[in-house]
Amino acid sequence: MTHHKLVTSRLASRALVVLFVIGTIGCDRMTKRLATEALAGSPGRAFLADTVRLEYAENTGGFLSLGAGLSTPGRTAIFVVATGLLMAMMSVALLRQRRGAMALLGTTLFLAGGVSNWIDRVLDGRVVDFLNLGIGSLRTGIFNVADVAILAGLAILVMVEFGRPGTPERA
């Protein structure tokens, strides 16, 4: 590959990363706003024979409300300061990453979801959750679009890392 094509390819990859991050954050923030307007203060709604529930929840903790019982300074230190530093380091690593397209996609989704939830914590000290899936009493915790991006990104990264040995990933 010529130097010009390599530079163009890197710029295109970075542009796609920026578009994915903006799109993911935009989608997450819009759905959280809609959930707040439509669900806050009202009973939850069930769809598809109660497989999908929409119910408003505010989460001051992390994943599955872990850390919600910490003091406000403790939550701020972990969920604003430490997470902000982690997202900044991941952003730098993402821009320097030379791995394949799937690893780039996984990292981008993970980062975009993390940044969107981080923005909520900085602005409001909490994250709005509104989705719940399950059958009968077997249910997920309540989550949001950013959480889906985080988990999808993590799943992609795990698949890339533990994919078939000896099979190089194509960019």
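The values are calculated or read from the model by the stated rules, or taken from the named source; none is laboratory data. In this text the structure is predicted, and so the values were computed from the model without any measurement. Note that each Cβ is placed from the backbone with ideal geometry, even for glycine, and that neighbours are counted across all protein chains shown.
Worth pointing out:
- Matching residues, the range 1-47, being of a type in the set (Val, Ile, Thr) and either surrounded by fewer than 14 Cβ atoms within 10 Å (Cβ to Cβ) or at pLDDT 95 or above (or both): Thr2, Val7, Thr8, Val18, Ile22, Thr24, Ile25, Thr31, Thr36
- None of Ala93, Ala101 is touching an Asp or Glu at 6+ places or on another chain (Cβ under 8 Å) and either more than 30 Å from Phe47 (Cα to Cα) or among the aliphatic types (A, V, I, L, M) (or both) except Ala101.
- Residues that are of a type outside the set (Lys, Arg) and either assigned to a strand (DSSP E or B) or crowded, with 16+ Cβ neighbours inside 10 Å (or both), drawn from the range 66-80: Leu70, Ile78, Phe79
Table: residues versus (1) assigned to a helix (DSSP H, G or I); (2) among the acidic types (Asp, Glu); (3) touching a residue at least 40 places away in the same chain (Cβ under 8 Å).
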{"site": "Thr8", "(1), (2), (3)": "yes, no, no"}
{"site": "Met30", "(1), (2), (3)": "yes, no, no"}
{"site": "Ala38", "(1), (2), (3)": "yes, no, no"}
{"site": "Gly41", "(1), (2), (3)": "no, no, no"}
{"site": "Ala103", "(1), (2), (3)": "yes, no, yes"}
{"site": "Leu111", "(1), (2), (3)": "yes, no, yes"}
{"site": "Asp120", "(1), (2), (3)": "yes, yes, yes"}
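- Condition met for Thr83 (surrounded by 12 or more Cβ atoms within 10 Å (Cβ to Cβ), at pLDDT 90 or above and touching a Phe, Trp or Tyr at 6+ places or on another chain (Cβ under 9 Å)): no
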